[in-house]
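Peer 1: First the structure, then my questions, so here it is.
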Amino acid sequence: MKPRENVPLKELNTFGVDARARYLLDIDTCENLAGCLEGYYSGNLPLLILGGGSNILFTGDYHGWIVLVNTKGIGILKEDSSHVWVRAEAGEVWDDLVEYALARGYGGLENLICIPGKVGASPIQNIGAYGVEMKDRFHSLQAYDIHEKKTRTFLKEDCRFGYRDSIFKRELQGRFLITSVVFKLDKHPRVHTSYGIVAEQLRENKVSDPGIRDVAEAIAAIRSRKLPDPDDLGNAGSFFKNPVISGGVYARLKLQYPDIPGYRLPAGDVKIPAAWLIDRCGFKGFRKGEAGVHEFQPLVLVNHGKATGRDILALGDSIRSAVWERFGIRLDREVWVV
Ligand code: EPU
């Protein structure tokens with residue numbers, strides 16, 4: 001498809017903020033990917049690859065090229081008696097992939113149900129929820145190198161996955177366009193229900209020996225109760241990451257705030273729920289003009305309708321300052337600010 005000029009982005013970001021792209025190129029088949037890019041993009045303006053727009057905050061117009069990946073296709077690459085390797089094109093909706101796996105009884109993605117976004121974006125921030133991260137099921141990906149103009153395969157170790165992190169957010173930011181991802185799924189799944197809230201929901205649903213569909217349904221119910229649907233209220237999921245502090249700092253904070261929650265990590269550090277810190281600073285349900293903090297999950301910033309990206313960013317900055325002043329903990333953004 002030919003590029004378009006001066007394109008509105010409101011429908012292309014789940015915050016629903018108004019911004020425009022100078023050029024937008026919509027890529028819908030894999031074959032023409034390289035050709036399309038090389039034919040139109042000369043490299044003299046910045047380039048941004050957009051999946052579902054569910055983890056991005058536009059703070060103004062984008063004076064460059066936005067490439068929209070809409071390639072479709074999910075299929076089995078190979079299988080043995082216990083596993084199946086499923087390949088999905090980058091433009092597939094993440095939740096359609098989860099549904100594909102559930103419908104066939106393949107386990108591994110059920111805890112990641114209802115996460116907005118596209119398959120191609122999932123490795124970039126190593127999406128995760130309820131005790132499972134995308135990297136646990138990741139096998140490999142194919143990506144197009146925009147500088148070298150050739151395709152490259154990345155195995156798991158090449159991606160340097162971390163908590164909501166990968167090499168594509170760091171050293172290789174903006175250099176590769178992910179075209180497809182391969183996941184290794186289980187034919188005889190074992191479910192992960194270690195998260196207290198998931199076990200609770202299963203009890204409530206009167207499920208005693210849960211299968212992957214039961215877990216998916218329980219998690220979908222939790223998410224729809226706690227997290228706002230971007231179609232109703234603009235948002236991009238968690239705005240911040242959960243900060244990690246040292247065991248010593250945690251022990252000192254615990255003296256002052258006995259109810260501060262924390263999850264011990266193998267190295268002795270402690271992960272603190274940012275939602276608790278934000279809640280404690282009084283921001284839950286807070287609203288400033290059109291930008292706000294969600295009433296049930298304070299880690300989620302929302303657009304009440306006409307907020308600009310700058311309004312939302314400013315609110316995020318006030319939250320960061322308040323948490324820093326009160327707890328001496330620095331919050332890092334999870335959402336990508338452009
Ligand atoms: N909490 C409060 N007040 C609240 C809500 C939560 O104090 O109003 C505290 C509680 O201590 C609670 C804790 O926050 O136990 C954790 O809350 P929750 O289980 O909702 O998870 P989270 O740590 O806030 C993370 C992910 C979510 C993911 C959930 C479930 C990050 C940045 N966020 O949130 O991911 O859905 O766990 O696994 O790691 C996303 O990345 O966009 C996202 C939504």
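Nothing in this text is a laboratory measurement; each read-out follows from the coordinates by a stated rule. Keep in mind the model is a prediction, meaning the values are calculated, not measured. We place every Cβ from the backbone using ideal geometry, glycine too, and count neighbours over all the protein chains shown.
Peer 1: Being surrounded by 18 or more Cβ atoms within 10 Å (Cβ to Cβ), assigned to a helix (DSSP H, G or I) and more than 10 Å from the ligand (Cβ to nearest atom) is the filter here, so list the residues in the stretch 218-250 that pass it.
Peer 2: 218, 250
Peer 1: Another question, if that's okay. Based on what the data block shows, is residue 275 within 11 Å of the ligand (Cβ to nearest atom), free of Cβ contacts under 8 Å to residues at least 40 places away in the same chain, within 30 Å of residue 321 (Cα to Cα) and in contact with a strand residue (DSSP E or B) (Cβ under 9 Å, 6 or more places away or on another chain)?
Peer 2: Considered against the rule, which asks whether it is within 11 Å of the ligand (Cβ to nearest atom), free of Cβ contacts under 8 Å to residues at least 40 places away in the same chain, within 30 Å of residue 321 (Cα to Cα) and in contact with a strand residue (DSSP E or B) (Cβ under 9 Å, 6 or more places away or on another chain), residue 275 comes out as yes.
Peer 1: Related question: Criterion first (closer than 26 Å to residue 50 by Cβ and either surrounded by 12 or more Cβ atoms within 10 Å (Cβ to Cβ) or of a type outside the set (Lys, Arg) (or both)) does residue 267 satisfy it?
Peer 2: Answer is no for this residue.
Peer 1: Which one of these does residue 213 not meet: (1) in contact (Cβ under 8 Å) with a residue 60 or more places away in the chain; (2) within 15 Å of the ligand (Cβ to nearest atom)?
Peer 2: (2)
Peer 1: Also: Conditions first: (1) of a type in the set (Val, Ile, Thr); (2) farther than 19 Å from residue 18 by Cα; (3) buried (at least 19 other Cβ atoms within 10 Å of the Cβ). Residue 335 passes all but one, so which condition is the exception?
Peer 2: Evaluating residue 335 over (1) of a type in the set (Val, Ile, Thr); (2) farther than 19 Å from residue 18 by Cα; (3) buried (at least 19 other Cβ atoms within 10 Å of the Cβ) leaves (2) as the failure.
Peer 1: Can I ask one more? May I ask you to list the residues in the stretch 256-272 that are more than 10 Å from the ligand (Cβ to nearest atom) and in a loop (DSSP other than H, G, I, E, B)?
Peer 2: 257, 258, 265, 266, 267, 268, 269, listed by residue number.
Peer 1: Considering every residue within the stretch 148-161, establish whether at least one is over 20 Å from residue 95 (Cα atoms), outside any loop (DSSP other than H, G, I, E, B) and within 16 Å of the ligand (Cβ to nearest atom).
Peer 2: No, the conditions are met nowhere in the stretch 148-161.
Peer 1: Looking for something assigned to a strand (DSSP E or B), loosely packed, with under 13 Cβ neighbours inside 10 Å and either more than 14 Å from the ligand (Cβ to nearest atom) or not hydroxyl-bearing (Ser, Thr, Tyr) (or both) - is there at least one such residue anywhere in the stretch 295-313?
Peer 2: There is no residue in the stretch 295-313 that is assigned to a strand (DSSP E or B), loosely packed, with under 13 Cβ neighbours inside 10 Å and either more than 14 Å from the ligand (Cβ to nearest atom) or not hydroxyl-bearing (Ser, Thr, Tyr) (or both).
Peer 1: Let me ask something else. Test of understanding: among 76, 49, which residue is in contact with a strand residue (DSSP E or B) (Cβ under 8 Å, 6 or more places away or on another chain) and either crowded, with 24+ Cβ neighbours inside 10 Å or touching a residue at least 40 places away in the same chain (Cβ under 8 Å) (or both)?
Peer 2: After applying the criteria, what remains is 49.
Peer 1: Working only within the stretch 109-143, note down all residues that are away from the ligand (no atom under 16 Å from the Cβ), of a type outside the set (A, V, I, L, M, F, W, C) and crowded, with 22+ Cβ neighbours inside 10 Å.
Peer 2: 120
Peer 1: Regarding the stretch 79-86, can at least one residue be identified that is away from the ligand (no atom under 16 Å from the Cβ), over 15 Å from the mean Cα position of the chain (by Cα) and buried (at least 22 other Cβ atoms within 10 Å of the Cβ)?
Peer 2: yes
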